[in-house]
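Asker: The following block contains the structure, expressed as structure tokens.
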Amino acid sequence: MRIELPKYAERFGAVLLHDVQKVYELDGGYWPDEALSNPFHVIRHIEAEKLHQIEKDLAIIIPTKNERLRLLEGVLSGLPHDCLPIVLSNSDTEAIDRFRLECQTVENFCCYAKKKYLIMHQRSEALADLVKNGGYTKLLDEHGLVRNGKAEGMIAGVMLAQLMGKKYVGFVDADNYFPGSVFEYVRIFSAGLSQSSSSHAMVRIQWHSKPKIEGEGLFFAKWGRVSRISNLLLNRLISQYTGFETDVVKTGNAGEHAMSMELALQMDYSAGFSIETHHFVNLMERFGGVNVLPEDVPAMQQGVYLYQIESRNPHLHDAKEDGHVEEMIHQSLSVIYHSPLCTEVVKSEILGELRRLNILKKHELPKAPVKYGSLQFFDFDKTARIWDPVKYGNTQLV
Ligand code: GDD
Ligand code: MG
């Protein structure tokens with residue numbers, strides 16, 4: 001793969017937020033390129049071997065809830081072979097047992113592809129047992145099962161990836177229509193992670209475009225309805241601290257993102273669809289130097305690197321209803337609003353935005369988000385003693 005070098009980076013304490021890098025060539029050629037040894041070049045060639053090296057240590061977590069089986073199978077077909085897919089499903093199990101159909105689809109696909117996989121239901125006793133053993137009980141509800149929500153599935157996925165000994169985790173939605181774009185996202189994850197000299201790194205995808213039918217033709221929208229607003233407010237928050245207006249954040253809601261396991265275990269998480277915006281807020285809270293926790297000092301000394309990379313493929317996924325988008329805006333902005341870092345100026349802009357969109361009435365305030373603490377406090381040794389991927393995980397280990 002050949003990607004552009006980042007043109008600039010914004011620093012927020014120990015966090016280095018790189019500006020968007022473009023993909024130049026999806027396949028950058030097998031052989032090292034002499035031309036790129038010139039110090040004035042602007043393109044980075046990431047050799048195939050380096051990409052494959054990362055991919056064999058990379059788990060791709062696929063959160064899914066009642067998505068079409070064809071789409072899920074397409075997503076699996078887009079993953080580079082060496083990555084381990086971890087499907088975390090919250091699909092219906094009653095009447096038509098959609099989870100059982102998902103298991104069959106995944107098993108069948110991976111049997112033909114001779115590929116390892118893991119699939120678990122978010123609301124299963126088995127998953128809850130693992131979480132309970134690790135002492136991470138905040139993730140469990142009043143029935144003792146892992147809570148509903150996309151973030152909750154993702155957190156459980158990170159736990160499974162750690163139990164499987166992976167060094168990196170990536171996230172890809174199950175409702176993607178183009179396997180080719182899934183392939184590109186994962187290659188971007190590996191390319192992005194390979195650039196980091198710090199063990200704490202995150203890569204976020206900026207979609208090239210999101211095609212929509214408008215009138216009689218296609219319109220390739222650049223910004224989603226949620227990200228347009230959350231990017232603006234995240235940038236406003238950074239500007240308030242640095243004193244310089246910025247537009248560095250362009251992936252405030254990127255569902256497709258990847259992290260080094262060290263970073264994934266250290267960060268705090270927030271519930272549901274606020275998780276992605278919270279990543280930015282939490283990077284600033286934990287590593288921004290405003291309130292320093294002793295356990296964050298080693299990472300801060302190395303630096304925490306965030307890369308945003310623009311894909312070449314357009315992103316086409318299932319269209320969800322309007323109410324869902326409004327709830328996502330509310331959840332995304334509420335994590336900024338309730339952060340101890342949020343200034344009065346940004347708070348009042350958030351209120352203005354939520355009221356303008358009729359998401360909040362005049363005297364209402366954003367709901368405080370549910371938070372989950374860092375997985376650093378998860379007792380992996382204890383959980384590892386009962387962990388058996390074949391018994392628990394519906395796994396194919398070839
Ligand atoms: N395990 C699990 N549990 N998965 C879930 C749940 C849940 O409770 N709810 C939704 N999912 C799955 C969906 O099936 C899909 O694969 C993925 O999570 C994303 O959900 P969508 O409903 O398709 O969300 P979206 O397309 O509106 O938003 C996506 O893109 C945004 C960026 O524009 C999500 O990835 C957002 O998190 C992201 O911010
Ligand atoms: Mg979607």
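The values are calculated or read from the model by the stated rules, or taken from the named source; none is laboratory data. Here the structure is a predicted model, which is why all the values come from computation and not from measurement. Cβ atoms come from the backbone with ideal geometry, glycine included; neighbour counts cover every protein chain shown. When the accessible area is computed, the model is the full protein with side chains, heavy atoms only, and any ligands, DNA or RNA have been set aside. Shrake-Rupley method; radii C 1.70, N 1.55, O 1.52, S 1.80 Å.
Asker: At residue 9 and residue 92, where each label point lies 7 Å from the Cα along Cα→Cβ, what is the point-to-point distance in nanometres?
Answerer: Those two pseudo-labels are separated by 4.8 nm.
Asker: I've got another one for you. Please give me the summed charge of the neighbours of residue 298: other residues whose Cβ is under 15 Å from its Cβ, Lys and Arg +1, Asp and Glu -1.
Answerer: With Lys, Arg at +1 and Asp, Glu at -1, the net is -2.
Asker: Residue 68: accessible area at probe 1.4 Å, nearest 10 Å²?
Answerer: Accessible surface of residue 68 is approximately 130 Å².
Asker: Tabulate in residue order the Karplus-calculated ³J(HN,Hα) for the range 242-251, using 6.51 cos²θ - 1.76 cosθ + 1.60 with θ = phi - 60°, rounded to whole Hz; enter x for Gly and Pro.
Answerer: In residue order, the calculated couplings are 7, x, 10, 5, 9, 10, 5, 7, 10, 10 Hz.
Asker: How much length would be gained if the chain were fully extended between residue 148 and residue 292, taking 0.36 nm per residue of separation minus their Cα-Cα distance, in nm to one decimal?
Answerer: Between residue 148 and residue 292, full extension yields an extra 48.7 nm.
Asker: Give me a comma-separated list of calculated 3J(HN,Hα) values for the range 171-179, in order, Karplus coefficients 6.51, -1.76, 1.60 applied at θ = phi - 60°, integers in Hz, x for any Gly or Pro.
Answerer: Calculated HN-Hα couplings, in order: 10, 9, 5, 8, 9, 8, 7, 10, x Hz.
Asker: Roughly how many Å² is the accessible area per residue of the chain, as a whole number, for a 1.4 Å probe?
Answerer: In whole numbers, the chain has 44 Å² accessible per residue.
Asker: Whose amide H sits under 5 Å from the amide H of residue 24, counting only residues 5 or more places off or on another chain, with H placed in the peptide plane?
Answerer: Under 5 Å from the amide H of residue 24 lie the amide H atoms of 2, 3, 4, each far enough along the sequence or on another chain.
Asker: Out of all DSSP beta bridges in the range 2-396, what portion is antiparallel? Express it as a percent rounded to 5.
Answerer: Percentage antiparallel, nearest 5: 50.
Asker: Round to the nearest 10 and report in Å² the accessible area of residue 343, as given by a 1.4 Å probe over the protein chains' heavy atoms.
Answerer: 30
Asker: While we're on this one: What is the Cα centroid distance between the range 270-290 and the range 193-211, reported in whole angstrom?
Answerer: 16
Asker: Identify the GluC sites (Glu not before Pro) of the range 112-159 meeting these criteria: DSSP loop state and at most 15 other C-beta atoms within 10 Å of the C-beta.
Answerer: 142
Asker: Continuing with this model, one more query. Counting Lys +1, Arg +1, Asp -1, Glu -1, what net charge surrounds residue 59 among other residues with beta carbon under 13 Å of its beta carbon?
Answerer: So the surrounding residues net to +2.
Asker: While we're on this one: Each residue of the range 264-273 in turn: what ³J(HN,Hα) in whole Hz from Karplus with 6.51, -1.76, 1.60 and θ = phi - 60°, glycine and Pro shown as x?
Answerer: Result, ordered by residue: 4, 7, 8, 6, 8, 10, 10, 6, x, 8 Hz.
Asker: Next question. Quote to one decimal, in nm, the extra length available between residue 320 and residue 382 on full extension: 0.36 nm per residue of separation minus the C-alpha distance between them.
Answerer: 18.3 nm
Asker: Heads up, I need the accessible area for residue 382: 1.4 angstrom probe, whole protein in place, Å², nearest 10.
Answerer: 90
Asker: If I take every Cα pair under 8 Å that is 6 or more residues apart in the chain, average their sequence separation and divide by the length, what percent do I get for the relative contact order? Walk me through the intermediate numbers first.
Answerer: Numbers: 782 pairs, mean separation 90.5, N = 398.
Relative contact order here is 23 percent.
Asker: Hey, any idea what % of the chain's accessible area is carbon plus sulfur with a 1.4 Å probe?
Answerer: Working: 9360 of 17680 Å².
Summing carbon and sulfur atoms, their accessible area is 53 percent of the total for the chain.
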